[in-house]
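The next block holds one structure in the form of structure tokens; read it before the comments.
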Amino acid sequence: MKYGLAWILIIATAILLGAGWVQAGGMKIRAERSAATPEEAVRSFLADIQAHNWDHAYSMLDHSHDVQQADFVREIAGSDGSLRTYSSLQSYEIWPVHAESGRATLRVRMNWSSAVGSLDDVRDLSLVQDGNVWKVIWPKPNLANVPLQVLPVNYLRWDLIGRRSDDWGTGSVDTPQVRIISMNAVERPDGLVILGEVENEDTVPAYLNVSATLLKTDGSPLAQQDTFDAIAHSLLPKQVSPYRIDFPGYRLKDVKSVRMDARPLLVPASADPVIAAENQNIEKDALGRSILKGSIVNQSGQVVNIAQVLGAFYDTNGKVVWVANGYVDQALMPQAPVPFALDIPPDVASRIHSYHVVVNHYSAPSA
Amino acid sequence: MHRILTPCIVLAVGLLAFAQDDVLHAPKTVTAGNSVSISTSGQGSATFYLLGPSRVAKRSVQLGQDITIAANDVASSGIYQAIACSSSCSSTVFQVLPAAPARLSFLLHPSRVPVSNGNAINATAFVFDRYRNTVLSSAKVDFHITLPDGPTMTRAGQTSRGITWFEMGSTPKQGRLQIVASIADANEPRVIQQVASDACHLHMTASPSGRTVKLETDPIRDCAGNPLPDGTIVSFTKIDNAGRSTVDTPIKKDKASAQFQLSGNARISVACGVALGNELSVGGGQ
């Protein structure tokens, strides 16, 4: 009786603490920390990645593949100003693929929120049982290992000098001559898409934006959009870029015609870097989607921080039937191939006869 | 300008309401920049107003004496109104005509043009006098055209309401095309760059070496034989067992080159803009 009130207070405090822990997601965290099953292990692993808890995530790897923690973090968190360095893991989904005694394979779809929108990364993760816990078998990161060398780079660059004269007619330089060489209006389940290709016909570089205006039967405008990032904005002389303009929610039957407008600007530019797109093939990915896979290689000497791949897909008549674009979340180190993949709608994939890939790039100014 | 002209016009209309018989006598036309003398009749002092297109002046004058208007006061062409007011007002109107042609504004468009392009160049000249009045009477403007390969020719244009223009095609040779518009002592030079047109007879050769193939084009020229400028993009495409590979590479020293890894037999094509080149079949991997 002497300590009765004290015991009541201690028990009540413990109950309240427990309730707070459950309320704060303690059960979920505990489940994520647990690695008693393959799914729990992967969930815990991805939760650590999401929380940038690299030490714990690394401790959940099976170390038989000699993966260095620095390499692992570099692959997951990005480096060299790549798109991944501006991204964070927003959400993930996990599906079991295969399981047998002591080994399992799970498919994960990681959704990264990045500076250019959300990016999906689908991977099959293999796991191995190690005592009471499951460990993730992480493939050794294939980081570029280019031997030290001197790479002479002598590509052109174009500079703009001087200023416009105030005297009428004395000092103007024309904007570059560009031409929309094809345009196709395609109806998709979620709206209308205008796509095609545009060429810089001039001998100077152009910074280009293409816009489209849907016109109603009475000739009045229905909607206007521009390409946003579905185009290579900087076009060198005679360079051709695909473009795509999305009109979500609009139907082809409501449109009488489309007015196209290409607005070029004269800008300084460099012909460096040259980026090749190699070994492109249309395949099915782990989720059964049609994708154009390949690798891009920075053939120049400077690091390309963010690369974007644009693909124009043609039917047997050479008509552009789809334009896809996707970002590569790794930086392009000189001479090192980096994989890319572009989604192709299933109904379009069956009609594709040919395709052409263009690589767009963004590099931070060098010091 | 409106803030000045509007009250002046109101004032002029008000003064004219009290206008008496003509006491001012001005010439009907005057050349811009020349002083003008207006004779007056009557006696006593009066206030003199001069209302022009871009100028208003006011001063005291003695009636019966000539009023001299300085050259600067009649520099702008147009209709002028002279008003003299004492006990009542009197007015006269005269026209100031543009002086002799002395200045040119010259527009030459575009600043770059592909070679052998008919009527692609437009030259327009506007003729002004030394006071920047548009010379409306017909005047002859000479256009001295210097072609990229050296020869010079002259073309004359007669102005109509101060403007003359002509069109011409670009020549087959790329380079600097200069046109100088001249009238009196005024010369206005402008330059157009004639640039190579689309690639013509685009041709590449392949040098396989083991599992790689080096590709190089012949010097890339347009149909008139002008080399395409360095930096122009040439696309190489290879299709083999590994799939399709493409590289957009700029021309360097008239040629473009690329290198591919081979996986079995490959078909390789080349294009520059919308101009397609030859296609090669290369056996690799052996």
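The values are calculated or read from the model by the stated rules, or taken from the named source; none is laboratory data. No experiment lies behind these values; they were computed from the predicted model shown. FYI the Cβ positions are ideal-geometry reconstructions off the backbone, even for glycines, and counts take in every protein chain you see. Just so you know, the surface numbers come from the protein's heavy atoms only, side chains and all, with ligands and any DNA or RNA stripped out. Shrake-Rupley method; radii C 1.70, N 1.55, O 1.52, S 1.80 Å.
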Give the residue that is surrounded by the fewest Cβ atoms within 10 Å (Cβ to Cβ), with candidates limited to residues of the stretch A:279-297 that are more than 14 Å from chain B (Cβ to nearest Cβ) and of a type in the set (A, V, I, L, M). A:LEU287
Here is a list of conditions, (1) at positive phi; (2) in a strand (DSSP E or B), and B:ALA84 meets all of them except one; can you say which number that is? (1)
As an exercise: evaluate A:GLU201 against (1) in contact (Cβ under 8 Å) with a residue 60 or more places away in the chain; (2) open to solvent by 20 Å² or more (accessible area, probe 1.4 Å); (3) within 30 Å of B:GLU188 (Cβ to Cβ) and give the number of the one condition it does not meet. (1)
Among the hydrophobic types (A, V, I, L, M, F, W, C), at pLDDT below 95 and under 19 Å from A:ASN325 (Cα atoms): which single residue out of A:VAL240, A:VAL255 fits that description? A:VAL240
A:MET260: closer than 19 Å to A:PHE228 by Cβ and of a type in the set (A, V, I, L, M), yes or no? yes
From the list A:ARG251, A:ARG244, A:ARG157, which one is of a type in the set (Lys, Arg) and within 14 Å of chain B (Cβ to nearest Cβ)? A:ARG157
Single unsatisfied condition, A:SER300 versus (1) open to solvent by less than 30 Å² (accessible area, probe 1.4 Å); (2) in a strand (DSSP E or B); (3) more than 16 Å from B:SER245 (Cα to Cα): (2)
For the stretch B:221-242 the number of residues that are assigned to a loop (DSSP other than H, G, I, E, B), touching a Cys at 6+ places or on another chain (Cβ under 8 Å) and at the interface with chain A (Cβ under 10 Å from one of its Cβ atoms) is 2
Got at least one residue in the stretch A:86-109 being within 29 Å of A:SER234 (Cα to Cα) and open to solvent by 80 Å² or more (accessible area, probe 1.4 Å)? yes
Test B:SER197 against the stated conditions and say whether it is open to solvent by 30 Å² or more (accessible area, probe 1.4 Å), part of a strand (DSSP E or B) and under 30 Å from B:THR249 (Cβ atoms). no
Considering B:SER269, B:SER257, B:SER263, B:SER245, which residue is open to solvent by 30 Å² or more (accessible area, probe 1.4 Å) and facing chain A (nearest Cβ under 9 Å)? B:SER263
Looking at the stretch A:282-329, which of its residues are under 17 Å from the mean Cα position of the chain (by Cα) and at pLDDT below 90? A:ASP285, A:ARG289, A:ASP329
When B:GLU216 is evaluated against the numbered criteria (1) in a loop (DSSP other than H, G, I, E, B); (2) more than 12 Å from chain A (Cβ to nearest Cβ), which criterion, by number, is the only one it fails? (1)
Flag if A:PRO189 is open to solvent by less than 20 Å² (accessible area, probe 1.4 Å), assigned by TED's automatic domain parsing to the domain that holds A:LEU266 and within 27 Å of A:TYR355 (Cβ to Cβ): no
Pick from the stretch B:87-111, criterion hydroxyl-bearing (Ser, Thr, Tyr) and away from chain A (no Cβ under 14 Å), ranking: farthest from the chain's Cα centre (by Cα): B:SER87
Those residues of the stretch A:249-278 which are in a strand (DSSP E or B) and open to solvent by 60 Å² or more (accessible area, probe 1.4 Å) amount to A:ARG259, A:ASP261, A:ARG263, A:LEU265
Of the residues B:THR217, B:THR205, B:THR152, B:THR164, which is surrounded by fewer than 18 Cβ atoms within 10 Å (Cβ to Cβ), at pLDDT 90 or above and of a type in the set (S, T, N, Q)? B:THR205
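Conditions (1) in contact (Cβ under 8 Å) with a residue 12 or more places away in the chain; (2) open to solvent by 10 Å² or more (accessible area, probe 1.4 Å); (3) outside the structural domain of B:PRO189 (by TED's automatic domain parsing), marked per residue:
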site	(1), (2), (3)
B:THR68	yes, yes, yes
B:VAL74	yes, no, yes
B:GLN81	yes, yes, yes
B:SER91	yes, yes, yes
B:ILE121	yes, no, no
